[in-house]
Structures are given as structure tokens and as C-alpha cells.
1. As an exercise, use a Förster radius of 22 Å and the Cβ-Cβ distance of K59 and L219 to find the FRET efficiency, rounded to the nearest 0.05.
2. Report, in deg cm²/dmol and to the nearest 500, the calculated mean residue ellipticity at 222 nm for the chain, where each DSSP H run with n ≥ 4 adds -39500 (n - 2.57) and the sum is divided by the residue count.
3. Could you check which residue among G100, G34, G218 shows the biggest mean-square fluctuation in a GNM of the chain with a 10 Å Cα cutoff?
4. What angle, in degrees between 0 and 90 and rounded to the nearest 10, separates the Cα long axis of helix 169-184 from the longest principal axis of the Cα atoms of the chain?
5. So for each of 13-20, 40-47 I average, over its residues, the number of other beta carbons within 10 Å; can you give me the resulting order with the highest mean first?
6. By a straight-distance test (C-alpha under 18 Å), which aspartates and glutamates pair with K183 as possible cross-link partners, with residues fewer than eight away in the same chain excluded?
7. If you line up the Cα atoms of the chain on their principal axes, what length do they span on each, largest first, in Å?
8. With every protein chain kept in the model, how would you rank I24, I202 by accessible area, 1.4 Å probe, largest at the top?
Amino acid sequence: MLAVSGLKVKYGSATALQGVDLHIEQGEIVAVVGRNGAGKTTLLRAITGLVPVAGGEVKFRDQRITGLPAHQIMRLGIAHVPQGRQVFGDQTVEDNLILGGFSQYFKHRGAVRERLEAQYQLFPKLATRRRQQAGTLSGGEQQMLAIARALMSEPDVLAMDEPSMGLAPIFVKQVLDTVLDLKQRGKTVLLVEQMATAALAIADRAYVLQTGQVKLTGLARDLLKDREVIRTYLGA
């Protein structure tokens with residue numbers, strides 16, 4: 001479904017990604033893990049068109065999407081759940097969700113309303129908060145809103161950046177359970193996560209990044225069992 005080949009990203013003279021190769025099959029949860037500064041967030045942003053690419057390519061369903069602007073990549077079927085949630089705090093929960101489906105709002109308002117109801121069924125807490133300003137939600141509720149907002153575009157691939165960041169353990173579990181639920185609903189998930197052991201526990205396969213390079217890849221359950229891998233590359 002998604003193939004990354006030799007991907008390079010530079011920030012000025014600094015190289016953030018040094019030729020990353022990665023692929024995702026339909027229906028998989030693929031985790032990208034590594035220490036802080038490994039290049040995980042940059043990789044996700046490069047795939048979704050949020051940072052320019054210095055080399056290599058990204059293909060989605062065999063179509064080259066390298067260099068396309070983020071809104072076009074989203075319309076093709078890849079939605080980005082950003083690090084730190086980044087909800088629109090002065091807008092209501094419902095307004096945030098409608099913004100997630102904005103590309104179709106004026107053409108298919110009925111479909112957008114149906115998607116709203118689907119998100120409220122998936123995240124019942126959001127239904128009770130639909131008229132509340134998003135900035136007044138708890139961190140866990142904001143993360144659910146960020147995920148639901150991304151799902152409003154009906155993506156084929158959900159690219160999630162550090163969804164557990166800053167959350168209490170109970171909310172971390174809810175987020176991870178949500179990721180598993182999305183897989184059961186047929187979604188494909190690319191999961192960038194600092195909590196490596198948690199990500200490896202729910203992923204099918206994983207890539208370990210270090211200084212902008214893939215150092216290891218394999219079945220997530222095998223990497224999770226390798227204490228040397230955890231200690232050397234993940235700092236846990």
C-alpha cells in the first residue's frame with residue numbers, strides 16, 4: 001500500500017533522514033520506533049508532505065506522491081495525526097471534526113454528517129462534548145479528537161505521530177486499544193511512537209530508526225523479545 005525508497009530529508013546542512021526504506025501492506029500496523037532525534041517524526045512528515053524531500057521517493061498504491069502538497073496526499077487517502085494533537089482549541093469538538101472533512105464539506109455535506117455520527121459512535125465521549133471548546137478537553141480527549149478528525153477524511157492509511165505523548169497511563173491504553181480497533185475496522189496504521197515497548201506490543205512489524213537510518217526491521221513481537229535491541233536502540 002505504501003512504499004518508501006531511499007528517502008532523504010535535510011534541514012539546512014543537517015541530514016535528518018539518510019536513505020530510509022520502508023513498506024506497509026494493507027491492514028497492517030507498522031511501528032517506527034527509536035530514541036529521541038532518530039528521525040521518526042521527520043519520516044512521517046516527509047511521507048505526508050509536510051517537509052520537503054531531498055532524495056528518494058514515496059509511493060502510495062503504486063502512485064508516486066513525492067513532492068505533492070499535504071492536502072493532495074490527504075485526499076489520496078493518507079491522514080496525519082500530528083504530534084502534540086494540535087486541535088483547534090478555540091473551536092468546538094464538532095467544528096474540529098468538520099474541519100477534518102472539509103475537503104468534501106461543500107460538495108457532500110450529507111456524507112460529512114454521516115461521518116460525524118460514525119466518529120461519535122467510535123468515540124462516545126466526543127459526542128457528549130460536541131459543543132465544548134476543544135481546548136478545554138483533557139489531553140486524552142484531545143488525542144481522541146485528533147484521531148477522529150483525521151478519520152473524517154476516510155483515509156486508507158492513518159499516520160500517527162507519538163499519540164501517547166503527555167498522556168496518563170489510562171489514556172495511553174485507550175489510544176493503543178483504539179489503534180487495534182482501527183485495524184479490525186480495516187485501517188492501515190503507520191505508528192511513530194516513543195513508547196517503544198507499547199508500540200511493539202500492538203504492531204505487526206516494526207522499523208528501528210537511529211540517526212536517520214533504519215538499523216533494524218522485523219516482526220514486532222521478535223523485536224520486543226530482544227532485550228539487546230531494546231537496550232541499545234530504544235533506551236528502555
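1. Step by step, r from the Cβ atoms, then E = 0.40.
2. The per-residue figure over the chain is -10500 deg cm²/dmol.
3. G218
4. 90
5. 40-47, 13-20
6. E25, E28, E154, D156, D161, E162, E193, D204
7. 47, 37, 33
8. Highest to lowest solvent-accessible surface, that is I202, I24.
The values are calculated or read from the model by the stated rules, or taken from the named source; none is laboratory data. All figures in this text were calculated on a predicted structure; none of them were measured in a lab. No Cβ is skipped: glycine too gets one built from the backbone with ideal geometry, and neighbour counts run over all protein chains shown. Just the protein is used for accessible areas: all its heavy atoms, side chains included, with ligands, DNA and RNA removed. Shrake-Rupley method; radii C 1.70, N 1.55, O 1.52, S 1.80 Å.
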